[in-house]
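Here is the structure we will look at.
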Amino acid sequence: RKEPVHQLDTGLWLIGATALLNFVAGTICLRLGKKNNSLALQASGKHLQIDTYSTLVIIAGLIIILFTKLYWLDKLIALVMSILIIYNGYKIIRSSLAGIMDEADMELLKKFIEILNKNRSENWIDLHNLRVIKYGSLLHIDCHLTVPWYLNIHEAHHEIDRLSALIKQEFGDMIELFVHTDGCLPFSCRICNKNCEHRKNGFEQKLEWTLTNVISDKKHQL
Ligand SMILES: [Zn+2]
Ligand SMILES: [Zn+2]
Ligand SMILES: [Zn+2]
């Protein structure tokens, strides 16, 4: 019959190796996630690292038992671990249910607007009423795009398809996009530099889209 203490010893090495693997995998996930702007990967990375910390608590407990022979400590460690697991689960569920935007989401949103500015078509007169809903690691973005009032449905649809394809190409399934179109109004001419035969007002100033101004629920006016 093997000594219980000897078995504990072997278990310690196994758990230790698992913890190390988890930590390394977590760090790799976090790095790749940041590099590729993948929230899902970053979340998995953080999760793996938290698992490592929990495992370290178990190892510390087992070492104490090994040296002190206080076998009742086993139950205390199990209790502490349960509380830790429940607390972590609660935090993960809460942040995804509440749709709390974290730093990575804000970076993603800034990049989203930057890409639209850079690839802006002359028919994309104004972007406004932008709303973001977070589902787990997915961002659902809703926005209004002002296009010339005389475009037909086919032409307006083409503008939205071009915009959506751009976002799809950059973010893949990270962003789910819904674009509503508005027709331009006479005041839109001031921020529109399209060579347009229906012009009602002179062009004054191109409006660079920013995180703050696209959230506004009104069409932009000068
Ligand atoms: Zn609108
Ligand atoms: Zn369609
Ligand atoms: Zn016009």
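The values are calculated or read from the model by the stated rules, or taken from the named source; none is laboratory data. Keep in mind that this is a model prediction, so the values were computed, not measured. Glycine also receives a Cβ, built like all others from the backbone with ideal geometry; neighbour counts cover every protein chain displayed. Only protein heavy atoms, including side chains, enter the accessible area calculation; ligands, DNA and RNA are left aside. Shrake-Rupley method; radii C 1.70, N 1.55, O 1.52, S 1.80 Å.
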Looking for whichever is outside any strand (DSSP E or B), away from ligand 3 (no atom under 16 Å from the Cβ) and more than 21 Å from residue 221 (Cα to Cα) here; the options are 112, 178. Which one fits?
112
Output the number of the condition that residue 208 fails; it satisfies all remaining conditions of (1) within 33 Å of the chain's Cα centre (by Cα); (2) touching a residue at least 40 places away in the same chain (Cβ under 8 Å); (3) farther than 21 Å from residue 118 by Cα; (4) open to solvent by 80 Å² or more (accessible area, probe 1.4 Å).
(3)
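Every residue, every condition in (1) modelled with pLDDT of 95 or more; (2) within 15 Å of ligand 1 (Cβ to nearest atom); (3) part of a helix (DSSP H, G or I), yes or no:
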| position | (1), (2), (3) |
| --- | --- |
| 122 | no, no, no |
| 130 | no, yes, no |
| 133 | no, no, no |
| 140 | no, no, no |
| 149 | yes, yes, no |
| 155 | yes, no, yes |
| 158 | yes, no, yes |
| 162 | yes, no, yes |
| 172 | no, no, yes |
So how many residues does segment 143-200 have that are more than 16 Å from ligand 2 (Cβ to nearest atom) and either in contact with a helix residue (DSSP H, G or I) (Cβ under 8 Å, 6 or more places away or on another chain) or open to solvent by less than 40 Å² (accessible area, probe 1.4 Å) (or both)?
18
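Could you tell me whether residue 97 is under 19 Å from residue 137 (Cα atoms) and modelled with pLDDT of 80 or more?
Against the criterion (under 19 Å from residue 137 (Cα atoms) and modelled with pLDDT of 80 or more), residue 97 does not qualify.
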So the check is Cβ under 8 Å with 6+ separation or different chains; which pairs have a first residue in segment 141-167 that's over 12 Å from residue 123 (Cβ atoms) and a second one that's polar (S, T, N, Q) and outside any helix (DSSP H, G or I)?
142/129; 143/129; 144/129; 144/181; 166/119
